[in-house]
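One structure is given below, encoded as structure tokens.
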Amino acid sequence: MGAEPTGSEPAGSEPMDWPAYYDAQAGRSARSVLVEALRLRGATPPGAAIDLGCGEGTETRHLLRSGWRVLAFDADPGAEDLVRQGLHPAELGRLAFRQARFEDLPGLPPADLVYAGFALPFCDPAAFPGLWAGIRAALKPGAWFAGELFGPHDDWAGRAGMNFHDRAEVELLLAGLEIHSLVEDDRPGQSAMGPKHWHVFHIIARNPL
Ligand SMILES: C[S@@+](CC[C@H](N)C(=O)[O-])C[C@H]1O[C@@H](n2cnc3c(N)ncnc32)[C@H](O)[C@@H]1O
């Protein structure tokens, strides 16, 4: 675990170029926190999943191809067409896509898995507590959360409209969940724009039965 997105993530405070990011992500494998959460579920049959900030849809498609029903959210108007690419009719029949901002999300339905890869940090800090409360409320007993939060040493810390949490805050957010994996990356790395310091928490947690 610990791979960061190597796309077109701009440094500084200019708006994110999501279409360029999606281009750079095309063809990669599903992210390891999701793959590992699915492995940890063992033989439990697939159920209802939510993918928050699904982007070009690699993880949504992975879930659909594994038999899940997926409710995928993204604010970007270009995401839906990309998510649907290459899916068979039966898989498309288990997909619902909603173009929505985290800040305006309706209540989330009960889910067996909530996945949010490198996406929740892009929620406005004022709206993040409500978004996180919605995620916690959506987790059925025994359901899994997999995804990332960013820490305050990240080069993007302080960007308008993004939220960051130190380790103590992350642990508080996860209180009451069984933490199966909490990997903290706090190190120099790369983005397409050049060197970037990443401070990322990779999380796999389960709501107790
Ligand atoms: C870094 S990408 C991650 C995409 C994918 N989950 C992945 O792991 O590659 C972040 C995604 O969050 C979406 N996003 C950014 N801000 C958002 C917001 N406020 N509400 C909903 N989606 C947002 C972007 O459109 C983008 O697709």
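Coordinate-derived values only; no laboratory data. Model, not experiment: these values are computed from the prediction. As a convention, Cβ positions derive from the backbone with ideal geometry for all residues, glycine included, and neighbour counts pool all protein chains shown.
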Going from the fewest other Cβ atoms within 10 Å to the most, one would list Val83, Val170 as Val170, Val83
Residues whose modelled amide H sits under 5 Å from the amide H of Ala100, counting only those 5 or more places away in sequence or on another chain, are Asp74, Ala75
Set Lys and Arg Cβ to +1 and Asp and Glu Cβ to -1, take the dipole of the chain about its Cα centre, and tell me which of Leu113, Ala157, Ile135 lies farthest positive.
-> Leu113
Which of Ile179, Ile50, Ile135 has the fewest Cβ neighbours within 10 Å, and the rest in rising order = Ile179, Ile135, Ile50
About the Cα centre, charge dipole magnitude for the stretch 147-205 (Lys/Arg +1, Asp/Glu -1 at Cβ), debye | 220
Where Rh denotes the Kirkwood radius from the mean inverse Cα pair distance, what is Rg over Rh for the stretch 22-66?
-> 0.97
Cβ density ranking, 10 Å radius, fewest first, applied to His62, His202, His180 yields His180, His62, His202
With Rh as the Kirkwood radius over Cα pairs, the chain has Rg/Rh of 0.93
Quick one: net charge around Pro141, please, counting Lys, Arg +1 and Asp, Glu -1 for every other residue with C-beta under 13 Å from its C-beta.
-> +1
Where in the chain lies the longest segment free of trypsin sites (Lys or Arg not before Pro) that are both loop residues by DSSP (not H, G, I, E, B) and have at most 16 other Cβ atoms within 10 Å?
-> 102-209
Residue-normalised 222 nm signal for the chain, counting each DSSP H run of n ≥ 4 as -39,500 (n - 2.57), nearest 500 deg cm²/dmol, is -7000 deg cm²/dmol
Mind checking Rg over Rh on the stretch 123-185, alpha carbons, Kirkwood formula for Rh?
-> 0.96
For the chain, size of Cβ-based charge dipole, Lys and Arg +1, Asp and Glu -1, in debye | 880
